[in-house]
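Participant: Please see the structure below; I have some questions.
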Amino acid sequence: MDKEKEVKPGSKIMGKPLPQILDEMDDNIAAAAEAARIAQELAAEGVSVAQLVQQPGDGHAVLHVVTHEAATGHVQAALDAIRALPEARGEASAMPVVSGRGVAELGWA
């Protein structure tokens with residue numbers, strides 16, 4: 001064994017206690033499960049997820065979902081379903097974006 005790679009008695013291999021590491025893993029798995037449920041609700045309404053960003057909140061995760069272009073009614077129906085999830089702790093909301101293609105019905109095409 002190389003002298004540089006040799007583990008010395010009493011040296012720390014892990015930077016955190018194992019129970020803390022396991023708790024953090026459980027939290028990450030729970031957050032991933034919540035994100036999957038949100039994606040399922042969006043998909044059920046025909047809304048496709050382009051990107052999902054998770055940020056730490058005050059004792060919880062905040063999820064920002066960027067979707068592909070979708071009809072407003074479908075997004076609103078998905079938001080209603082997301083609000084009803086037991087995992088939802090805050091208000092689900094949407095920020096509309098007009099695509100580069102414009103909106104033909106409004107003469108912006």
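Participant: Enumerate the pairs (first residue in segment 53-80 and modelled with pLDDT under 85; second residue anywhere and of a type in the set (D, E, K, R)) with beta-carbon separation below 8 Å, excluding pairs fewer than 6 apart on the same chain, so at least 6 apart or on different chains.
Facilitator: 60/89; 61/34; 63/34
Participant: Please work out if residue 43 is over 17 Å from residue 90 (Cα atoms) and either in contact with a His (Cβ under 7 Å, 6 or more places away or on another chain) or without any contact (Cβ under 8 Å) to a residue 12 or more places away in the chain (or both). Break it down stepwise before answering.
Facilitator: On the way: over 17 Å from residue 90 (Cα atoms): yes; either in contact with a His (Cβ under 7 Å, 6 or more places away or on another chain) or without any contact (Cβ under 8 Å) to a residue 12 or more places away in the chain (or both): yes.
Yes.
Participant: Condition check: surrounded by 11 or more Cβ atoms within 10 Å (Cβ to Cβ), part of a loop (DSSP other than H, G, I, E, B) and modelled with pLDDT under 80. Does residue 101 satisfy that?
Facilitator: Numbers: surrounded by 11 or more Cβ atoms within 10 Å (Cβ to Cβ): no; part of a loop (DSSP other than H, G, I, E, B): yes; modelled with pLDDT under 80: yes.
Taking the combined requirement at face value, the residue does not satisfy it.
Participant: Identify, please: which residue in segment 11-63 is assigned to a loop (DSSP other than H, G, I, E, B) and of a type in the set (S, T, N, Q) and is, among those, surrounded by the most Cβ atoms within 10 Å (Cβ to Cβ)?
Facilitator: Restricting to residues being assigned to a loop (DSSP other than H, G, I, E, B) and of a type in the set (S, T, N, Q), the top hit is 48.
The values are calculated or read from the model by the stated rules, or taken from the named source; none is laboratory data. Computed from a predicted structure; not experimentally measured. Reconstructed Cβ throughout: ideal geometry from the backbone, glycine too, with neighbour counts over all protein chains shown.
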